[in-house]
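Some notes on the structure that comes next.
Only the coordinates and a few stated rules stand behind these numbers; no lab work does. Predicted model, so just to flag it, every value in this text is computed and none were measured. Backbone-built Cβ (ideal geometry, glycine too); neighbour counts: all protein chains shown.
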Amino acid sequence: MLIPCPLCGPRDRREFHPRGGAEYLDRPDADAPAQAWDALLHLRTNPAGRTQEVWQHECCGAWLEVDRCTVTHRVFGARLVSEARDAG
Amino acid sequence: MRVDGRGLIDRGRPVRFRFDGRDVTGYAGDTVASALVADGERLVGRSFKYHRPRGILTVGPEEPNALLEVLEPGGQVTPNTRATVQEVFDGLEVRSQNRWPSLRHDLMAVNDRFAAFLGAGFYYKTFMWPRRFWEGLYEPLIRRAAGLGRLSGKHDEAPYERAFAHADLLVIGAGPAGLMAALAAGRAGADVILAEADSRPGGRLLAEDEAVDGLPGPDWVAGVMAELRAMPNVRVMLRTTITGAYDGGQWGALERVGLHRAPAPDLPRECFWRITAPRAILAAGALERPVAFPDNDRPGVMLASAVRGYLHRFGAVAGRKVAVFGAHDDAHRTARDLVAAGVTVTAVIDPREDAPEGDGYRTRAGAVVIGTRGRLGLTGVRVREGSSEFWVEADVLAVAGGWNPSVHLTCHMGARPVWDADAVAFLPPGPDAPGAVPGLEAAASAWDGRAVVRVLAADPLEMKRTVAAALSVMRHGMALPRVWQI
Amino acid sequence: MRYSGLRVLAEGLRGNRGWRPAWDRPDPQDAYDIVIIGGGGHGLSTAYYLARNHGLRNIAVLEKGYLGSGNIGRNTTIVRANYLLPGNSEFYSHSLRLWEGLEADLNYNVMHSQRGLINLFHSDGQRDAFARRGNAMINQGDDAILLDRDGVRDHLPYLDFDNIRFPVYGGLLHPRGGTARHDAVAWGYARAASRLGVHLIENCEVTGIDVAGGRVTGVQTSRGAIRAKKVAMVVAGRSSQVAAMADLTLPIESHVLQAFVTEGLKPCIDHVVSFGMGHFYISQSDKGGLVFGGDIDFYPSYAARGGLHMAEHVMEAAMTLMPMIGRARVLRSWGGIMDMSPDGSPIIDRTPVDGLYVNCGWNYGGFKAVPASGWCLAHLMATEESHEVARRYRLDRFATGHLLDEEGTGSQHNLH
């Protein structure tokens, strides 16, 4: 599996650390109720198919939002988490 | 026995090795199996459960019976080695396995007598009482009887290598289809890796009496290889088996670097390659199917493709009287080749009523094999023809049950092979099937249900199709961005 | 038909013509009292114990493929009760006791073999951790023996004791740990459940869960609608998809775990051995293959196949620990879909939908749990009370902070 790091180019999967579904990026407000924090930390939509995930490229340290299929392992693309957030 | 004037072995270079403590002489270019065939050794192993005597069935890595232990000085052992893959070298020592006290006299063969009580899964229905007897008695007995070869228990301190390679195109198999695919891609300027599990390129062209472009098969192969070797963009990897298809165009490959030579301290035994190639052509050919009939596992019953392979590649025949059983023309091709080499063919048993008459052998049309005799080695074949039954004398029975294309790699990501009633075989899933391996295409010859070589060699159109397929694949491949710039 | 050595003899003498199919294959009825989604080990054992322990009969198990075609059909077959945390300890202890009587109960030889399990340690910290774990096991009523180097050498002479990076300091022996024949567990439960009247329905994929007024009323399947008073989701790696049919989101992430088996070998590894440093565990099957595995591939996946990186990693761990294995040849490998939970422990509980139950979150370790998992889910469904050994396996424990984090790695699914 090759992941195209926006900073480093396509690199082998072993350089990356997976952190799970991109819903992890949707952090609740600091004063959100406990239920919202439970959802962030524990609940997962866990889709079978194309989805957005959070990975870290350990070489450059960048956090990426990776567009990937969990059934075929095909990688469609990746962008910096900061860019993903700016794009909404 | 050896047949004069046949085979690609080097008769000027005899090689001595030991099988079960006995000296055997082969020639450079032999495998253990071919040397044993030439030596007249038919009994090489015992079956897993009933310990039935077994002989060499195939001429390739698909061999199920001839599994041997390779012994090294110092006591190291490599179990379950295919005699059909292990090349001979001076000082090689191999030993049969899963028998006691000897291959000829195996006490565990008593299982065969009690087969009625040892049917599939019998152990799920018994050995439950008393409870503590399972770990104490039943299971140790079962474990001792099970298994094939043995590990020495010594640390494996031999050197191994690990390496990486990158290419635009990986061609899997160096038979005629793979050679042509590599040639087409190489001429087009692509970086090509041509991986071949055998020690010698050519595939079935080494095992058949076939001409290509007016040249004997092996000579044609040598010509193509010369051109490939001269191309800086083509890397030929012999003794290299592609073991798996993985994500991102990665392929596992295991190269037998030193297994065909005497061990040396600085000689790696094997090298595990991780090959990255966005495109691959599977040209792994096809494996012949055996035929089901009672006692079809006796030593001396061989695939017809193996009988021809031993004859043409190694100049060896496993017996003096050969019978052939099959419902298609490969049976007759086998008989013709044997007769031409001066070997007696006692009968071709062909279930088809309109089976062709033999030239130099007798065809039993509309007949079938219903049994065999000869516990440690075949002596006769029971044939039913119409309402009559009779024995045909034979110490080898060549069986031709049709061909199974080697589709395995196309299924490594979950796609299922597709049954094709016309080809009478499972064909590779299409490139768009769910779970298909991205970038992998099966070459025409690999999925043709008929004998690979005949199709390719006899029909120039088919050859062109293979080349066209290679080129079309390459066009797609070249359109992809180069991931690695070396 | 009762299975026994005498029966095998008698049938052998009669040409083996008297055997009957091990289980019936009925067509699905329009309605059942209880529908179990998933015909793997956990689903089959749930159905069996519902019938056996609670006298319930109107039960169907719906399996989208064939019985035992998921993780029960291909795993590393380890059975153990060597847990540290209250909540896990009593559950796995109960499971091990059920294993010890399973053949007699099911009248099926699942080849449960208590060959002993040895967890090796390679550092001072690990020695302490295993001593502590051993005491927890003994407190629970299970068995544990702390072995020094010579003690390990007596059992496992083939290890590389003086590996420069991971020298073997000792091991924790769990004598009652061992293995079982995984397929036979599915078949044994299926046969026993079928004998008690449970309907086992294969090639029946659930496509929807019917809920009315907050209560489950049945399921939609590829073989038609089936009404049910109670429905249990016992589908391992597919838990999130099935739960979504009832608009539920689970604390589960699906990951692929690989397993490997070598060609058949004469007996050479007598125990179950686990490497304390790399994640690697191995045993030898009765057939002779060395069965081993390692970590998950770490990224969410529904592809039942593994990545080359983890395959290589597992082989390297094997060579580091027991270099004799270099001469064995891997026959095949397989990837199964694991239902990873945030704390590495399972869930056996009700859901917010009345009458809908969930059994999932088995991470790596579902095989050894099969008897107790079915036992406890059956207890919950039949009595509406959690079984005492499974009362901490609640679905809401993540929200309430009652996590069972055996590895202490925190709330990240792929780290357990």
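Restricting to region B:288-400, compute how many DSSP beta bridges are antiparallel as a %, nearest 5.
Working: 12 of 28 bridges.
So the antiparallel bridges in region B:288-400 amount to around 45 percent.
At a 10 Å Cβ-Cβ cut-off, how would you order B:GLU93, B:GLU210, C:GLU388, fewest neighbours first? Spell out each step's value before the answer.
Details: B:GLU93 15, B:GLU210 22, C:GLU388 12.
Lowest count first: C:GLU388, B:GLU93, B:GLU210.
Most exposed first by the Cβ proxy, i.e. fewest other Cβ within 10 Å, how do C:CYS360, C:CYS204, C:CYS268 rank?
Details: C:CYS360 31, C:CYS204 22, C:CYS268 19.
Fewest-to-most ranking of C:CYS360, C:CYS204, C:CYS268: C:CYS268, C:CYS204, C:CYS360.
For region A:2-87, what is Rg from Cα atoms divided by 2.2 N^0.38 Å, rounded to two decimals? Could you put the intermediate results ahead of the total?
On the way: Rg = 13.6 Å, N = 86, 2.2 N^0.38 = 12.0 Å.
Against the compact-globule rule of thumb, the ratio is 1.14.
Quick one: what are the phi-derived ³J(HN,Hα) couplings along region B:100-117, Karplus 6.51/-1.76/1.60 with θ = phi - 60°, whole Hz, x for glycine and proline?
Calculated HN-Hα couplings, in order: 7, x, 9, 4, 6, 10, 10, 5, 5, 4, 4, 3, 4, 6, 9, 4, 4, 9 Hz.
In debye, nearest 20: dipole of chain C around its Cα centre with unit charges on the Cβ of K, R (+) and D, E (-)? Please report the intermediate quantities before stating the final value.
On the way: 41 positive and 43 negative charges, 273 e Å.
Dipole magnitude for chain C comes out near 1300 debye.
If the elastic network links every pair of Cα atoms under 10 Å, which of C:PRO28, C:PRO371, C:PRO323 fluctuates the most in the Gaussian network model of chain C?
With Cα springs under 10 Å in chain C, the top fluctuation among C:PRO28, C:PRO371, C:PRO323 is at C:PRO323.
For chain C, give me the percentage of DSSP beta bridges that are antiparallel, rounded to the nearest 5 percent. Write down the numbers at each step before the final one.
Values: 48 of 68 bridges.
DSSP beta bridges in chain C are roughly 70 percent antiparallel.
Post the alpha-carbon centroid distance, region C:292-313 to region C:169-220, in whole angstrom.
About 24 Å separates the Cα centre of region C:292-313 from the one of region C:169-220.
Cross-link list B:LYS154/C:LYS266; B:LYS125/C:LYS266; C:LYS64/C:LYS230; B:LYS125/C:LYS287; C:LYS64/C:LYS287; B:LYS49/C:LYS266: which exceed 22 angstrom alpha carbon to alpha carbon?
B:LYS125/C:LYS266; C:LYS64/C:LYS287
Between C:ARG215 and A:ASP86, what is the FRET efficiency for a Förster distance of 30 Å, r being their Cβ-Cβ separation, to the nearest 0.05?
On the way: r = 45 Å, r/R0 = 1.50.
With a Förster radius of 30 Å, E is 0.10.
Could you tell me how far the Cα centroid of region C:67-119 sits from the Cα centroid of region B:168-233, in Å?
Each part reduced to its Cα centre gives a spacing of 53 Å.
I need the Kirkwood Rh of chain C: take the reciprocal of the average 1/r across all distinct C-alpha pairs and report it in angstrom. Please list the in-between numbers first.
On the way: mean 1/r = 0.0455 Å⁻¹.
Hydrodynamic radius (Kirkwood, Cα only) of chain C equals 22.0 Å.
How large are Rg and Dmax for chain B when calculated on the C-alpha trace, in angstrom?
Cα only, chain B: 23.4, 73 Å (Rg, Dmax).
Mean-square fluctuation check for chain C, GNM, Cα pairs under 10 Å: which of C:GLY101, C:GLY177, C:GLY361 is largest?
Greatest mean-square fluctuation among the candidates belongs to C:GLY101.
Remind me, what semi-axes does the protein assembly as shown give for its equivalent ellipsoid, largest first in whole Å, using sqrt of 5 times each Cα gyration tensor eigenvalue?
On the way: eigenvalues 485, 241, 171 Å².
Listed largest to smallest, the semi-axes of the protein assembly as shown are 49, 35, 29 Å.
In what sequence do B:VAL3, B:VAL348 fall when counting other Cβ within 10 Å, fewest first?
Details: B:VAL3 18, B:VAL348 27.
By the 10 Å Cβ count, ascending, the order reads B:VAL3, B:VAL348.
In debye, nearest 20: dipole of region B:1-63 around its Cα centre with unit charges on the Cβ of K, R (+) and D, E (-)? Could you put the intermediate results ahead of the total?
Values: 12 positive and 9 negative charges, 46 e Å.
Magnitude of the dipole: close to 220 debye.
Treat each spin label as a single point 7 Å out from the Cα along the C-beta direction, and report the C:SER69 to C:LEU13 distance in nm.
Calculated label separation equals 4.0 nm.
Sorted from largest down, give the three principal axis spans of the alpha carbons of region C:280-340, whole angstrom values.
34, 25, 18
If you filter region B:369-414 for trypsin sites (Lys or Arg not before Pro), then keep DSSP loop positions with at most 15 other Cβ within 10 Å, what is left?
Values: sites: B:ARG373, B:ARG375, B:ARG382, B:ARG384; in loops: B:ARG375.
Passing sites in region B:369-414 are B:ARG375.
Only loop residues by DSSP count here, and only those with at most 15 other Cβ atoms within 10 Å; note down the GluC sites (Glu not before Pro) in region A:54-84 that meet that. Could you put the intermediate results ahead of the total?
Values: sites: A:GLU58, A:GLU65, A:GLU83; in loops: A:GLU58.
For GluC sites (Glu not before Pro) across region A:54-84 that sit outside H, G, I, E and B with at most 15 neighbouring Cβ atoms in 10 Å, the list reads A:GLU58.
Which chymotrypsin sites (Phe, Trp or Tyr not before Pro) in region B:167-258 pass both tests, a DSSP loop state and at most 13 other beta-carbon atoms within 10 Å? Don't skip to the answer; put the middle values down first.
Working: sites: B:TRP220, B:TYR246, B:TRP251; in loops: none.
Taking region B:167-258 and a limit of 13 other Cβ atoms within 10 Å, no loop chymotrypsin sites (Phe, Trp or Tyr not before Pro) are found.
Can you give the FRET efficiency to the nearest 0.05 for C:SER123 and C:ASP247, using r as the Cβ-Cβ distance and R₀ = 51 Å? Working shown, then result.
Details: r = 47 Å, r/R0 = 0.93.
About 0.60, to the nearest 0.05.
Taking amide H atoms as placed 1.01 Å from N in the peptide plane, list the residues 5 or more away in sequence, or in a different chain, whose amide H sits under 5 Å from that of B:GLY380.
Residues meeting the criterion, in which the H sits 1.01 Å from N, are B:ARG373, B:ALA394.
What is the gain in length, in nm to one decimal, between B:THR344 and B:ASP23 on full extension, counting 0.36 nm per residue of separation less the C-alpha to C-alpha distance?
Working: separation 321, 0.36 × 321 = 115.56 nm, distance 2.82 nm.
Full-extension gain reported as 112.7 nm.
How high is the relative contact order of region A:2-87, in percent, counting Cα pairs under 8 Å that sit 6 or more residues apart? Let's see the in-between values first.
Values: 141 pairs, mean separation 25.2, N = 86.
It comes to 29 percent, rounded to a whole number.
What ³J(HN,Hα) values, in whole Hz, does the Karplus curve 6.51 cos²θ - 1.76 cosθ + 1.60 give for region C:147-156 when θ = phi - 60°, with x put for Gly and Pro?
9, 8, 4, 5, x, 5, 4, 4, 8, 10
Pick from C:ASP27, C:ASP183, C:ASP405 the residue whose mean-square fluctuation is largest in a GNM of chain C, springs joining Cα atoms under 10 Å.
Looking only at C:ASP27, C:ASP183, C:ASP405, the biggest GNM fluctuation is shown by C:ASP27.
Please tell me the relative contact order of chain C in percent, rounded to the nearest whole number, where contacts are Cα pairs under 8 Å and at least six residues apart. Walk me through the numbers on the way to the answer.
Details: 964 pairs, mean separation 89.1, N = 416.
Relative contact order for chain C comes out at 21 percent.
With labels modelled as points extended 7 Å from the Cα through the Cβ direction, what inter-label distance (nm, one decimal) is found for B:VAL418 paired with A:ARG27?
Label-label distance for B:VAL418 and A:ARG27, simple model: 5.1 nm.
How long, wide and thick is region C:262-416, going by the Cα atoms along their three principal axes, in whole angstroms, largest first?
55, 30, 27
Output the Cα-based Rg and Dmax of region B:288-400 in Å, rounding Rg to one decimal and Dmax to a whole number.
Computed over the Cα atoms of region B:288-400, radius of gyration and Dmax are 12.4, 40 Å.
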